[in-house]
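Here is the structure we will look at.
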Amino acid sequence: MFSIILNKKSNKSSNVVGLNERNVNLIYPNNPKKYYPLADDKVLTKEILHKNNIPCAKTFGVIEYNSDIKKTWQSCNSNNALAIKPANGCGGGGIKILKKDKNGDWFSSGKKISDREIFQHMASIIMGFFSLGSHDRVLIEECIEPHPFFHEIYPEGVPDFRIITLNNTPLMSMLRMPTNKSDGKANLHQNGVGIGVDMKEGRLLDVYDGKKYSNHHPDSTFLVNGAPIPYWKEILEISIATAKAFPLNYLGIDVVIDKVKGPQIMEINVRPGLGIQLVNKMGLKGAIQQAI
């Protein structure tokens, strides 16, 4: 597979992989369509991660029908922080982070939220509001508390590392971070920023906001370029373990660093975006060459 991707002359422009080439040479030959649900459905993904003892957020509950909402919520309500997600959502849509205050009231995005509003949100997930209209399931899981390293760069939201793997080999990575404009989301297409990663040294590179490069986050003065990434060796190790656990050979693996538990797998993607090349100022073919 490496030879198929590297069948052109090695120069900067030809090193970049476009959408069609990604589909034809990376996705279709490596990711059998029958296994897509293992990545697209977060519940199925979590089952495989748990089975293989790969670090990830603890699953507190899965809700498939409206009639199960109240009962499942009662079993999860003793926790002080929760993440509610659509199993088949994408781009961060439908994710709600809940945290209790000292009085036991739930808050989401800084606003108090009632049980009724939480139930309504769960019902919306089940009805498919965040999964293109198809019936979906609610995933209730442990809430990740970001490592203090991220707070120095930008204190809000949950940043994650996107790592591209091919044949169980990490090729390229970026740190995705929220901004004041992204409403806590780290996704690039939702006004988050990408920060390049030096794979060998485990250090951050420049920040890319979709238009220009900088050495700091747009809402912070902390100098990012050159900052060492905590747990970098462990991040690569669990990324490789995750790639080996799935019958999918080309993946985008999202990793978060919890302040207590360290690196955790957030989710996997069978169709990872190509913006990571812009963030790192390098094409995927160049990354494959370096990996070889």
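The values are calculated or read from the model by the stated rules, or taken from the named source; none is laboratory data. In this text the structure is predicted, and so the values were computed from the model without any measurement. Positions of Cβ are generated from backbone atoms using ideal geometry, with glycine treated the same way; all protein chains shown enter the neighbour counts. Surface areas here come from the heavy atoms of the whole protein model, side chains and all, with no ligands, DNA or RNA. Shrake-Rupley method; radii C 1.70, N 1.55, O 1.52, S 1.80 Å.
Data table
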quantity: Residue 140 being among the β-branched types (Val, Ile, Thr), part of a loop (DSSP other than H, G, I, E, B) and in contact (Cβ under 8 Å) with a residue 12 or more places away in the chain; calculated: no
quantity: Candidate set from segment 80-89 (those that are in a loop (DSSP other than H, G, I, E, B) and in contact (Cβ under 8 Å) with a residue 40 or more places away in the chain); member that is farthest from residue 130 (Cα to Cα); calculated: 87
quantity: Residue in segment 220-229 that is in contact with a Pro (Cβ under 8 Å, 6 or more places away or on another chain), touching a residue at least 60 places away in the same chain (Cβ under 8 Å) and not small (Gly, Ala, Ser) present; calculated: no
quantity: Test: residue in segment 165-178 that is polar (S, T, N, Q), without any contact (Cβ under 8 Å) to a residue 40 or more places away in the chain, more than 19 Å from residue 258 (Cβ to Cβ) and open to solvent by 20 Å² or more (accessible area, probe 1.4 Å); calculated: no
quantity: Any hit, segment 181-188, residues being closer than 29 Å to residue 245 by Cα and over 15 Å from the mean Cα position of the chain (by Cα); calculated: no
quantity: Residue ranges of helices (runs of 4 or more DSSP H) in segment 1-76 with at least 1 members surrounded by fewer than 12 Cβ atoms within 10 Å (Cβ to Cβ) and modelled with pLDDT of 95 or more; calculated: 42-51, 69-76
quantity: Any hit, segment 259-269, residues being under 17 Å from residue 27 (Cα atoms) and within 18 Å of the chain's Cα centre (by Cα); calculated: yes
quantity: Residue ID - most open to solvent (accessible area, probe 1.4 Å), chosen from residues in segment 95-111 that are within 18 Å of residue 183 (Cβ to Cβ) and not hydroxyl-bearing (Ser, Thr, Tyr); calculated: 111
quantity: Evaluation of residue 263 against (1) under 21 Å from residue 155 (Cβ atoms); (2) open to solvent by 40 Å² or more (accessible area, probe 1.4 Å) (one fails), failing number; calculated: (2)
quantity: Enumeration of residues in segment 124-133 that are open to solvent by 20 Å² or more (accessible area, probe 1.4 Å) and hydrophobic (A, V, I, L, M, F, W, C); calculated: 127, 129, 130, 132
quantity: Of residues in segment 206-248 being of a type in the set (Val, Ile, Thr) and under 17 Å from residue 48 (Cα atoms), the one surrounded by the most Cβ atoms within 10 Å (Cβ to Cβ); calculated: 242
quantity: Count of residues meeting criterion [part of a helix (DSSP H, G or I) and within 15 Å of the chain's Cα centre (by Cα)] in segment 238-258; calculated: 4
